[in-house]
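Down below is the structure, laid out as structure tokens.
Just so it is clear, none of the values below were taken in a lab; they were calculated from the coordinates. Computed from a predicted model, the values in this text were never measured in an experiment. Here Cβ is always computed from backbone atoms with ideal geometry, including for glycine, and neighbour counts include all displayed protein chains.
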Amino acid sequence: MLAVGVVVTRAAILRLTDPACRDRRRVLALACIWHVAVLLVFKYTGFFTGGALSMGWVPLGLSFFTFQQLWLLKEVYTGAYVPAQDERLFLFAFFFPTVTSGPILKPGDFFPQLTGEHFLHPEWEDVAAGLYAISCGTAKKVLLADPFGVVVNNGWAQLEDLSAPAAWLVILAYTFQLYLDFSGYCDIAAGAARLLLTGHAPETVALRTPKGIVVEVAPLFCRRTDTGAECAIEKDGGDDVDVTTGLPVIATVELLPGCTEIRIDGGRGVGRVTKPGLDQPVGAAAINHVPRQMIAEALRREAEAACYTGGFAVTISIQNGEEVARRTFNPHIGVEGGLSVLGTSGIVEPMSQQAILDTIQLEMNQAVLRAGTPKRLILAPGNYGLDYLHDTYPAFAAIPVVKTSNFIGDTLDMAASAGFEQVLLVGHVGKLVKVAGGIMNTHSHTCLCEYSVDDQR
């Protein structure tokens, strides 16, 4: 019966692709009616007759077969797919990995694979793609992102000496740092997926960077597991070491042949969101949406090159991330049990101005969710004010607190935009006296610079 259906589809396609055909709509309708009628007769006769009549048996995979034939006919009718003269319709209809349980194959994805170079030489193509993916993740994370971070940090430490060209260099360095950290996680996951599809584990990989520089690096390991594959790189802080330097970042990938979903989760060393207001919902792994999107896109790209139509389960882990996270901002903002995947190595004590402001804005978003009526807020420049507040005014515990660092003016602007009605500053008198004098950035270098300008006025 299914073979007859293929013959019907073939005949319809011949008519639909004939330039002289004047009744294409009728041809399409008749072919679709045939397929739907066969499906109804075999699967739903008993249902419509209340069990009085029943075929007693159903061709294996009839539902998937029918819907796949209907899709093929629609594609040919609309011109979305133009079949070749020697198209292997029987192979398309009875492709054994999907004939019984799907998914429904798209002709534009299936038929080119039968004659493409990848189909004839899968090993080499897969190895080449795997080398590229793994090298991207390793080189971006280890060799590129952190050096750009050094430029950013040095620029922030010497703000008063920055010329306009130097300031633009710092801005560009920060942009490249974020991009390379984001995409590094994605490429590591893609490399692990390609390894899973081929079984090849490279000892060293080479990469031509966006700057045109070719670098060669060695992953910590690339190996098969009982259920998939995993690949790891080591975080190298270079000259600007932090608490995350030396931590292995591991991507573990498993295949999900029965679906097209890409599931991304955090393993050991990656924290969980415990407070609302963050990029991810409460209970989710602290992997922001941008890294998630880039990981998913990288995996789809690799799957297409490997002729794989299923899904993936990706787990990002950071060795010793639980311990290291205790020395970061994570517990304070509501990420427990590990570090965050933000496009950087984690939420550490930020040294660049934009990183600090982003962290303050994040705390402000959380404070809005906790604020009562009237909307009250406490601002503290540092730990001195926080400790004093905790020890002296326990009655204020219900009022949300945001740590401002030196950016008191920017934080006040954020509070105003958030709609807070009452704001209390708690901190060392050395900080607050600067605010009283109109100095909204209390960093020592910035203060001296602003004060000298005011004197000249």
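Provide the per-residue ³J(HN,Hα) series for region 260-271, in order, calculated from phi with Karplus coefficients 6.51, -1.76, 1.60 and θ = phi - 60°, each as a whole number of Hz, with x at glycine and proline positions.
Computed from phi, the couplings for region 260-271 are 10, 6, 10, 9, 10, 9, x, x, 4, x, 9, x Hz.
Give the lysines reachable from K141 as a straight Cα distance under 29 Å; neighbours fewer than 8 places away on the same chain don't count.
K211, K235, K275
Could you sort the peptides 375-381, 259-265 by per-residue average Cβ neighbour count (10 Å cutoff), highest mean leading?
Values: 375-381: 21.3, 259-265: 15.6.
Put in order of decreasing packing, that is 375-381, 259-265.
Between L172 and F94, what FRET efficiency comes out of the Förster formula 1/(1 + (r/R0)^6) with R0 = 51 Å and r the beta carbon distance, rounded to 0.05? Don't skip to the answer; put the middle values down first.
Numbers: r = 55 Å, r/R0 = 1.09.
Result of the calculation: an efficiency of 0.40.
Could you tell me the largest-minus-smallest coordinate of the C-alpha atoms of region 2-107 on each of the three principal axes, in descending order and whole angstroms?
For region 2-107, the Cα extents along the three principal axes come out at 47, 32, 19 Å.
Taking H placed 1.01 Å from N in the peptide plane, check which residues at least 5 places from L425 or on another chain put their amide H under 5 Å from its amide H.
L379
Using θ = phi - 60° and the Karplus form 6.51 cos²θ - 1.76 cosθ + 1.60, what ³J(HN,Hα) does each residue of region 147-164 get, whole Hz, x for Gly and Pro?
x, 4, x, 4, 4, 4, 5, 5, x, 5, 5, 10, 4, 5, 9, 6, 7, 4
By counting other Cβ atoms within 10 Å of each Cβ, how are K74, K141 ranked from fewest to most?
On the way: K74 13, K141 25.
Fewest to most other Cβ atoms nearby, the residues stand as K74, K141.
If packing is taken as the mean number of other Cβ atoms within 10 Å per residue, what is the order of 274-280, 175-181, highest first?
Numbers: 274-280: 16.3, 175-181: 20.0.
Put in order of decreasing packing, that is 175-181, 274-280.
What nm distance separates the two modelled labels at A313 and V82, each placed 7 Å from Cα along Cα→Cβ?
Each label point is offset 7 Å from its Cα along the Cβ direction, giving 4.4 nm.
Report the FRET efficiency, 1/(1 + (r/R0)^6), for R263 and E322, where r is their Cβ-Cβ distance and R0 is 22 Å, rounded to 0.05. Don't skip to the answer; put the middle values down first.
Details: r = 22 Å, r/R0 = 1.01.
With R0 = 22 Å, the Cβ-Cβ based efficiency is 0.50.
What share of all Cα pairs of region 245-291, in percent, falls into each consecutive 10 Å distance bin?
Calculated P(r), rounded to whole percents: 22, 43, 31, 4.
Give me the one-decimal nm value for the distance between modelled label points at R25 and A37, 7 Å along each residue's Cα-to-Cβ direction.
It is 2.1 nm.
Could you calculate the FRET efficiency of A284 with R370 from 1/(1 + (r/R0)^6), where r is the beta carbon distance between them and R0 is 22 Å, rounded to 0.05? Write down the numbers at each step before the final one.
Working: r = 19 Å, r/R0 = 0.89.
Efficiency computed from Cβ-Cβ geometry: 0.70.
Any idea how far apart V4 and L60 come out in nm if each label point goes 7 Å out from Cα toward Cβ?
Each label point lies 7 Å from its Cα, and together they span 2.0 nm.
Apply the Karplus curve 6.51 cos²θ - 1.76 cosθ + 1.60, θ = phi - 60°, to the phi angles in region 372-379 and return the couplings in whole Hz, x for Gly and Pro.
x, 10, x, 6, 10, 8, 10, 10
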